[in-house]
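Following: one structure in structure tokens, then a few remarks.
The values are calculated or read from the model by the stated rules, or taken from the named source; none is laboratory data. Owing to the predicted nature of the structure, the values given are computational and were not obtained by experimental measurement. So basically every Cβ, Gly included, is an ideal-geometry build from the backbone, and we count neighbours across all protein chains shown.
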Amino acid sequence: MSTREKVRHLLEQSGSLTLLLSLAAVLFALVAGAIMLVLTRHNPAVAYAALWKGAFGSRRGIGETLLSTTPLILGGLAVTIAFRCGLFNMGVEGQIALGGLGAAWAGYWIRGLPAYIHQPFALLVGVLLSVIWGAIPGYLKARFKMHEVITTIMLNYIAFNIDGWAVAVGGPMKDPGPLPASPVILATAKLPRILPQTRAHAGIFIALACVVLVWYLLFHTRLGYCIRAVGLNPTAAEYGGINVPRHLVATMAISGALGGLAGAVEVLGVHYRLFEAFSPGYGWDAIAVALLGMLHPVGTLLSALLFGALRSGSTLMQTVANISRDMVMVISGLVIFFIALTRPLGGAVHTSRGGQSGADLDA
Amino acid sequence: MPYVIEMRGITKRFPGVVANHHINLSIEQGEIHGLLGENGAGKTTLMNILYGLYRPDEGQIIVRGELVHFDSPRDAIAKGIGMVHQHFMLIPVFTVTENLVLGAELTKGIALDMATAEDKVRELSDKYGLKAEPGARIEDLPVGIQQRIEILKALYRNADIMILDEPTAVLTPQEVEELYNVMRMLRQRGHTIIFITHKLREILTICDRVTVLRDGKVVGTQSAHGLTEASLARMMVGRDVLLRVEKPVAAYGKPILEVQDLYARDNRGLPALNGVSLNVCTGELVGVAGVEGNGQTELVEVLTGLRRAESGKVLVNGRDLTNQHPSKFFANGVGHIPADRHRRGLILDFSLVENFLLGFQDCPPFAEGPRLKYAEARKLARRLVQNLDIRTPSIEVPARTLSGGNQQKAILAREFERQPQLLIAAQPTRGLDVGATEFVHQQLMKQRSEGKAILLVSSELSEIMDLSDRIIVMYEGRVQGAVDAAKATEEMLGLLMAGGQIEKARPLEGPHVNP
Amino acid sequence: MQIWMLSLAMLASTLRIATPIIYAALGSVMSERGGVINIGIEGTMLLACFTAVVGAYYWSPWVGVLIAMATGGLMALIHAYLSVTIKTNQIISATAINIFAVGLPNLVVPIIWKGHHAVSPVVPRIPDVRLPIIANLPIVGPVLGHQNPLVYVALILVPVLHFILFKTRFGLRLRAVGEHPRAADTVGVNVARMRYIGVISGGILAGMGGAFLSIGYMSQYSAAMTQGRGFMGLAAMIFGNWKPAGALLACLIFGFADAFQAAAQSARVLPISPRLLLSLPYIMTLIALAGLVGKSIPPAADGKPYEKD
């Protein structure tokens, strides 16, 4: 073997090859982003400096970073667990919308509960809605082989419209004020702030807990084993006695729950009310987060932190260098692009449509 | 005789393996030249190079005295070389004509001229006596006819030299005879044929000369006349090979498996099983012979809970397990060695440990409530690797990295661990080299002497005849006939496999009871 | 008489609304018949919407269309490179394009037009035309007689693409590559080249759809204006069993759902809130797909990268 092959083999064995590739993907994305900034007559140095300073340079910045990281962890976990079962959950954005709706409703409608009951209950209501929103595409896939990319995306639009309807004039959740938003939730429903003089809230702990839970689920439980087996080879999983359709639905339900939790946490911790499009595209970032995180809960945590920093830093970037916050989306897309470049044949995700995807038990 | 093809010093490397190592091959004009070697010896690679699908790392190809460079099959076709692949290169949803003209289409302006093409197909078909219906869709045609169309495809492109890659794998003995006739006819018309196979008998029957490959190198080239199976086997493997496995005397017990009048459909909704009934007793090995596609796959799937039966019963140890979930079959002592080890038998990206858990994930000691105890699984893995001598750097490596033989060993180990009373083995030695095949046969015999019942499904007739106590032949989803292995001949089985009848058909219930 | 006129107007509206979906569907058909799934048609179309507006702003609407087609081709080229040459997972590669496409225009809008953020100013659009004889026909006239040229192009493309796919040499080879690339390879068809052509032509079609949306139907760019039409095109393709004619039918159904919902809103006929009615096209898409259980068969090698070895 040549030296290059030897090095590659060594890295592969220690598992750090994928890590290096992920880091490389981020680097390339930032470089490509810089090129794009230059082409659009911006100064990348100023832009990235603002980005860094905005994310970590001040107490307020760190708070904002934590704040953005929270829904990204949860969304990333949602996408991760779906991918592990061979499913593409493109519906996190819609699940966030419905999770927020449920949490907001429980937050302002239910009175007389102490905080330590009200908050979990409100989160639960949000999760309940999004579990259904996740289970539907799961069921459609398991029973009818309908590809979840299309069904989750269609459900996104329907969810956005539900949110919009709820807080529009004449809608059931509209606050009797001038804004197209729900009433503010009760103080008992608000997630406590954890860093004074910032907006960072206790949701981060919920997110971290979920990282541990998902890790344990995937690698130490029977359900996790079955999920991974179905994701890698549903034909063999079936042979091994695993009920593939049931696991598809279950995984999408769990994924939907995590997505909805992201939305619920956002409403209860940041906005304190429901309004349309309260998520600035967290559901899409979640996809990049999961892929960058190598579909592992801990990787997801780290890459969520990266994207959270990007998001929070982009506010300062906008103020100082006059670059739209959408730059984050551009970098997000670039990261996925570069990851795709380094993963021939899809890496750990063996799916396509109709032919060999997570529910193909026949051919 | 002039050489029509010379391959000199051909070397081809793939990551981690040298498939062809300085191979020299000379083919005479108008001969049938056999290329013999085990699975993985490098025969197909060599021919793929000749056909332009691969480019050699070193070496030269000389066709009719001219040095050639093939960048793609187009170039090889232009020089008169045609290839019929082991796995057909026919597009199922296209018609015969569309498949034949693809890449060499006739056009009228911008549009395809299918009418003229169909005429040409009929012309060609008449000229060579290879009947084919131009408008038929490939997926509706039986396998034997599909192969004929592959040959027509090569002839359509004026192939003078034909490479046939393991063509007999999917044919009944009678169809193999017909193929031999076609080959002789082509030779008579001046064509040259290179015939790739791993079956010794075929070399001796049809070939003029033979080249034996082993581990990517040429062992020798000789005239086929005067060779014996044993000498060929020795050249192929490098040592003396046990051509027939030792089979101890049988001791039968009561029926473990009773299949009653089973009906089932295949993936396309067409009838696949049309009233199958059979029995297997403890200590008995029943072989299911038949050309692939006559319901064997569906039968195995119904017997392991992977396919719904429309009607009929499957009784294991007296218990009705019809249409139960695969886990129920495992729980009732049914082991399954699946035909396609990469698709059904293993999860290639899982580690060996995780693969050993497959089917055991809900059982103690591995399952404890919702938890899965990987530590216990590792203990199992270490034990199994040692017991069956599975060659692997560690138990944590992905199953993908193991060789075919070791992968099959892992599957066997796992299934035997279930202590099944009934073992259903489907194509257990497909794609394995001689050493691994020997091993599998020995293991099956061992299970049989320990009193297990075995249902063996295989498309290798010699394997069935070697190992079975009783042989059942399947044809078009029915049991066409059942024969005592001791009395079975290839002619008899071949006849049954093609849908014929034999005079004295033995009753289906129960084996021949030993005194 | 009112209702009659209303229905004809609604049919005309249906055609207009369906047109971007038709382009997306046809583009998807070309790509997938070659065996490459491209869910990035949505993002491609969105970017094309934007570049068409830029073209119309600086030069003319027709230049905008050309630029949009080039944009579509470029995005498709990237997807083809990742899918065919690098052989990465095709859904992931397309998702990169979709996410990227959402962010990029918003980045550039403020640079070209100071003070604008998510919405561009109004730019010259491609004017509608009136077909001389047809416009005077009863029934057909009000529906087909007065439309944007890109609508007519879309309708004409349906039989054209059908002919190309099923009656030409190119079509046979493209379909072969989508069904059984190895078989095609062994008879000398260049699998990679065919797939590239399929994907890129699909992207160009998506580009045309984007141009129509922003400077044929509307006359400006607004953020995320495709609203899932690219995905509906994908669904239409599945509904149409990967054939142009069937896809057209599905697009018309989706277009009708949208037109109906808009008419119902203004007429206030149904007691359902207008916001909820907006979901109608998406629900229709789900229903259309559900109705096809098991009957719609993709090309056999769809979505699977082809490895020579």
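Details
- Selection of helices (runs of 4 or more DSSP H) fully inside segment C:204-309 by the criterion of at least 2 residues being in contact with a helix residue (DSSP H, G or I) (Cβ under 9 Å, 6 or more places away or on another chain) and among the small types (Gly, Ala, Ser) returns C:229-239, C:244-267, C:280-290.
- Set C:11, C:46: member being surrounded by fewer than 24 Cβ atoms within 10 Å (Cβ to Cβ) and either touching a residue at least 40 places away in the same chain (Cβ under 8 Å) or outside any helix (DSSP H, G or I) (or both): C:11
- For segment B:138-166, filtering for residues that are within 12 Å of chain C (Cβ to nearest Cβ) and closer than 21 Å to residue B:207 by Cα leaves 5.
- Among the residues examined, residue B:368 qualifies as surrounded by fewer than 20 Cβ atoms within 10 Å (Cβ to Cβ), within 11 Å of chain A (Cβ to nearest Cβ) and out of contact with any strand residue (DSSP E or B) (no Cβ under 6 Å at 6 or more places or on another chain).
- Test for residue C:28: is it assigned to a helix (DSSP H, G or I), of a type in the set (S, T, N, Q) and surrounded by fewer than 24 Cβ atoms within 10 Å (Cβ to Cβ): no
- Any hit, segment B:83-103, residues being of a type in the set (Ser, Thr, Tyr) and within 10 Å of chain C (Cβ to nearest Cβ): no
- So residue B:130, is it more than 30 Å from residue B:491 (Cα to Cα) and hydrophobic (A, V, I, L, M, F, W, C): no
- Checked across segment C:84-93, the condition of being at the interface with another protein chain (Cβ under 10 Å from one of its Cβ atoms), β-branched (Val, Ile, Thr), part of a helix (DSSP H, G or I) and loosely packed, with under 14 Cβ neighbours inside 10 Å holds for at least one residue.
- Residue identified as in contact (Cβ under 8 Å) with a residue 24 or more places away in the chain, within 26 Å of the chain's Cα centre (by Cα) and closer than 23 Å to residue B:202 by Cα among B:30, B:40, B:52: B:40
- Residue C:70 being away from chain A (no Cβ under 14 Å), crowded, with 21+ Cβ neighbours inside 10 Å, more than 23 Å from residue C:299 (Cα to Cα) and modelled with pLDDT of 90 or more: no
- Scanning segment A:183-190 turns up no residue that is buried (at least 24 other Cβ atoms within 10 Å of the Cβ) and within 14 Å of chain B (Cβ to nearest Cβ).
- Of everything listed in (1) touching a Lys or Arg at 6+ places or on another chain (Cβ under 9 Å); (2) at the interface with chain C (Cβ under 7 Å from one of its Cβ atoms); (3) at pLDDT below 85; (4) in a helix (DSSP H, G or I), the single unmet condition for residue A:315 is (2).
- Within the span defined as segment B:308-315, every residue fails to be at the interface with another protein chain (Cβ under 10 Å from one of its Cβ atoms) and over 24 Å from residue B:458 (Cβ atoms).
- Segment B:217-322 holds strands (runs of 3 or more DSSP E) entirely within its bounds, and those carrying 2 or more residues that are touching a residue at least 40 places away in the same chain (Cβ under 8 Å) and either among the acidic types (Asp, Glu) or not assigned by TED's automatic domain parsing to the domain that holds residue B:32 (or both) map to B:255-265, B:271-281, B:285-289, B:311-316.
- Verdict on residue C:34 being within 16 Å of residue C:302 (Cβ to Cβ) and touching a residue at least 24 places away in the same chain (Cβ under 8 Å): yes
- The lone exception for residue A:116 - which of (1) under 29 Å from residue A:257 (Cβ atoms); (2) in contact with a helix residue (DSSP H, G or I) (Cβ under 7 Å, 6 or more places away or on another chain) it fails: (2)
- Filtering segment A:151-174 to residues that are of a type in the set (Val, Ile, Thr), at the interface with another protein chain (Cβ under 7 Å from one of its Cβ atoms) and under 18 Å from the mean Cα position of the chain (by Cα) leaves A:151, A:153.
- The one condition from (1) more than 14 Å from chain C (Cβ to nearest Cβ); (2) under 16 Å from residue A:272 (Cβ atoms) that residue A:180 does not meet is (1).
- Residue selected from segment C:254-275 under the condition modelled with pLDDT of 85 or more and within 14 Å of chain A (Cβ to nearest Cβ), by the criterion nearest to residue C:157 (Cα to Cα): C:254
- Residue pairs meeting the criteria (Cβ under 6 Å; at least 6 apart or on separate chains; first more than 9 Å from chain A (Cβ to nearest Cβ), in segment B:338-357; second part of a loop (DSSP other than H, G, I, E, B)): B:339/B:427; B:351/B:396; B:352/B:395; B:353/B:395
- Leading residue by the ranking (farthest from the other protein chains (Cβ to nearest Cβ)) among those in segment A:330-352 that are modelled with pLDDT under 80 and within 19 Å of the chain's Cα centre (by Cα): A:348
- Residue ID - surrounded by the fewest Cβ atoms within 10 Å (Cβ to Cβ), chosen from residues in segment B:116-146 that are in contact (Cβ under 8 Å) with a residue 40 or more places away in the chain and farther than 27 Å from residue B:270 by Cβ: B:129
- Members of segment B:66-88 found to be at pLDDT 90 or above and part of a loop (DSSP other than H, G, I, E, B), listed by number: B:69, B:70, B:79, B:80
- Residue within segment B:147-167 that is touching a helix residue (DSSP H, G or I) at 6+ places or on another chain (Cβ under 9 Å), without any contact (Cβ under 8 Å) to a residue 40 or more places away in the chain, assigned to a helix (DSSP H, G or I) and more than 19 Å from residue B:236 (Cα to Cα) present: yes
- Considering segment A:194-253, the residues that are within 14 Å of another protein chain (Cβ to nearest Cβ) and polar (S, T, N, Q) include one that is nearest to the chain's Cα centre (by Cα), namely A:221.
- Unmet requirement for residue B:62, which otherwise passes all of (1) touching a residue at least 24 places away in the same chain (Cβ under 8 Å); (2) out of contact with any helix residue (DSSP H, G or I) (no Cβ under 6 Å at 6 or more places or on another chain); (3) closer than 27 Å to residue C:175 by Cα; (4) surrounded by fewer than 22 Cβ atoms within 10 Å (Cβ to Cβ): (3)
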